[in-house]
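K.L.:
Got a structure for you, written out below as structure tokens; questions coming shortly.
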Amino acid sequence: MKAFLDHVGIAVGDLQASLAFFRDVLGLHVESSEEIASQRVRATFVNTGTSTLELLEATDADSSIAKYLEKRGPGMHHVALRVDDIEAALAHLRGRGIRLIDGKPRPGAEGALVAFIHPSASHGVLVELKQPAPKVEMFKTVGRHTLGDYELISLCDGFIGLDGGAMFGVVPKTLWEKRLPPDDSNRIPLSMRPLIVRTGELTAIIDAGCGDKMDAKLAQIYKLDRRYHLDHSLAEAGLSVDDIDIVVASHLHFDHVGGFTAIGANGSIVPRFPNAKYVAHRAEWEDATHPHERNRASYLQENFVPLQDAGVLTLVDDGAEIVPGVRYRRSGGHTPNHQVVTIESSGRTAVFTADMYPTSAHIPDPWVMGYDLYPMDTLAFKRAFAREAVERDYLLFFEHDPSMAAGYLREQDGKRYVERII
Ligand SMILES: [Zn+2]
Ligand SMILES: [Zn+2]
């Protein structure tokens with residue numbers, strides 16, 4: 001087995017006093033602090049470069065750290081070794097007759113799996129094995145792609161966290177958590193990636209992220225992270241809100257059109273793109289402006305009603321060509337009139353898949369969101385669309401994928417996968 005030093009655990013009686021030394025005197029940086037209910041301890045991680053110190057405080061008189069402190073006083077408690085596959089490591093040790101405290105891995109801090117080796121087997125040192133939670137790379141870079149005569153630019157309006165169960169519907173957690181590991185509130189990291197289409201004559205943007213009108217309470221619920229957002233992304237692409245001629249909505253949920261409007265100078269809500277004409281689907285607009293209990297939380301009126309008031313909104317129907325080569329195509333399912341947007345130029349096709357394929361993990365046909373109002377419609381659309389995408393070499397854009405903006409759907413030996421392009 002291969003193991004690397006991950007951290008050294010130190011039992012502390014008084015966390016503040018120990019921080020006064022490790023942080024203030026040694027100048028080390030405190031990374032995070034987390035309560036681990038199952039072990040009745042609070043762990044504070046102090047960064048020391050390639051590994052960390054874990055300061056362990058008891059949260060209960062019965063916790064093993066409280067007993068350790070009582071018996072031996074504060075001091076070094078354990079050494080943690082990082083392994084890739086903790087089950088395999090435990091099997092390896094068991095096969096060599098090594099005495100274990102934990103025969104099976106259990107949940108540790110930061111979503112890791114941990115198990116302890118008995119100190120009698122490891123020369124008096126309590127050894128922890130740790131398999132860290134898989135890390136999702138939060139990719140926010142501006143991505144450019146030439147499609148025929150058009151230029152496509154993938155932008156980012158930051159990240160949100162949505163319930164993993166709701167994002168994957170009937171798919172068991174044991175399957176989806178491998179692709180997108182959840183936090184302790186079961187939220188998975190998702191991006192918001194609007195797409196710019198430049199035809200040479202016009203600059204269009206499809207969707208615009210969730211914008212900056214969300215109140216603090218909702219922002220916390222949705223784990224909104226807009227330290228980097230659409231304005232940064234536009235600037236990085238050499239653009240600003242003034243350069244956008246047409247704004248297109250895949251559908252009118254807040255994580256797609258929150259950025260369509262902004263709070264103006266006098267506190268009123270105004271179109272975010274001052275020179276643009278906005279386009280939405282007529283029947284989607286009807287649904288969004290007449291919400292019911294099941295969709296009300298997603299249709300926030302301030303994101304789109306001010307556009308109509310300002311006279312900048314055009315409503316169109318299924319299959320409408322919005323810009324030459326840029327068309328709506330109804331996928332339904334997620335909402336009855338949810339649209340994917342196809343972009344065609346010189347024989348090449350790209351598809352902005354919006355909430356039909358929110359992430360590349362949603363490629364398997366039955367991996368349909370619990371949020372979808374008509375999941376069987378989503379399934380039927382996906383079945384036909386996937387075949388078409390493989391055969392016709394569509395470049396697919398994934399609006400909510402935290403670590404991939406676009407790729408080609410490929411099929412080999414009956415298995416589908418995405419070849420990442422951006
Ligand atoms: Zn949606
Ligand atoms: Zn969405």
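The values are calculated or read from the model by the stated rules, or taken from the named source; none is laboratory data. Note that the coordinates shown come from a computational prediction; the quantities given were computed from them, not determined experimentally. Ideal geometry is used to build each Cβ from the backbone, glycine not excepted, and the neighbour counts take in all protein chains shown. The area values use the complete protein model at the heavy-atom level, side chains included, leaving out ligands, DNA and RNA. Shrake-Rupley method; radii C 1.70, N 1.55, O 1.52, S 1.80 Å.
This table checks each residue for (1) open to solvent by 10 Å² or more (accessible area, probe 1.4 Å); (2) more than 16 Å from ligand 2 (Cβ to nearest atom); (3) under 30 Å from the mean Cα position of the chain (by Cα).
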position: 317; (1), (2), (3): yes, yes, no
position: 324; (1), (2), (3): yes, yes, no
position: 330; (1), (2), (3): yes, yes, yes
position: 336; (1), (2), (3): yes, no, yes
position: 343; (1), (2), (3): no, yes, yes
position: 346; (1), (2), (3): yes, yes, no
position: 349; (1), (2), (3): yes, yes, yes
position: 354; (1), (2), (3): no, no, yes
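K.L.:
If I ask for residues that are of a type in the set (A, V, I, L, M, F, W, C), within 16 Å of ligand 1 (Cβ to nearest atom) and either under 13 Å from residue 155 (Cβ atoms) or open to solvent by less than 10 Å² (accessible area, probe 1.4 Å) (or both), which ones from the range 263-285 would you list? Steps first, answer last, please.
P.N.:
Start the filter on the range 263-285 by keeping residues that are of a type in the set (A, V, I, L, M, F, W, C), which leaves 263, 265, 269-270, 273, 276, 279-280, 283, 285.
Still in the list and also within 16 Å of ligand 1 (Cβ to nearest atom): 280, 283, 285.
Within the range 263-285, just 280 meets the criteria.
K.L.:
Can I ask one more? Output yes when any residue across the range 396-405 is within 16 Å of ligand 1 (Cβ to nearest atom) and out of contact with any helix residue (DSSP H, G or I) (no Cβ under 9 Å at 6 or more places or on another chain), and no when none is.
P.N.:
Checking the range 396-405: at least one residue is within 16 Å of ligand 1 (Cβ to nearest atom) and out of contact with any helix residue (DSSP H, G or I) (no Cβ under 9 Å at 6 or more places or on another chain).
K.L.:
Among the residues of the range 112-143, how many are under 21 Å from the mean Cα position of the chain (by Cα), of a type outside the set (Asp, Glu) and open to solvent by 60 Å² or more (accessible area, probe 1.4 Å)?
P.N.:
Qualifying residue count for the region: 5.
K.L.:
Would you be able to tell me the number of residues in the range 366-422 that are assigned to a loop (DSSP other than H, G, I, E, B) and under 16 Å from residue 341 (Cα atoms)?
P.N.:
6
K.L.:
List pairs: first residue in the range 88-114 and over 21 Å from residue 40 (Cα atoms), second residue modelled with pLDDT of 90 or more and among the basic types (Lys, Arg) anywhere in the structure, Cβ distance under 8 angstrom, at least six positions apart or on different chains.
P.N.:
Matching pairs, first to second residue: 90/104.
K.L.:
Right, something else. Within the range 123-150, which residues are of a type in the set (Gly, Ala, Ser) and either in contact (Cβ under 8 Å) with a residue 24 or more places away in the chain or closer than 27 Å to residue 355 by Cα (or both)?
P.N.:
The answer is 133, 143, 148.
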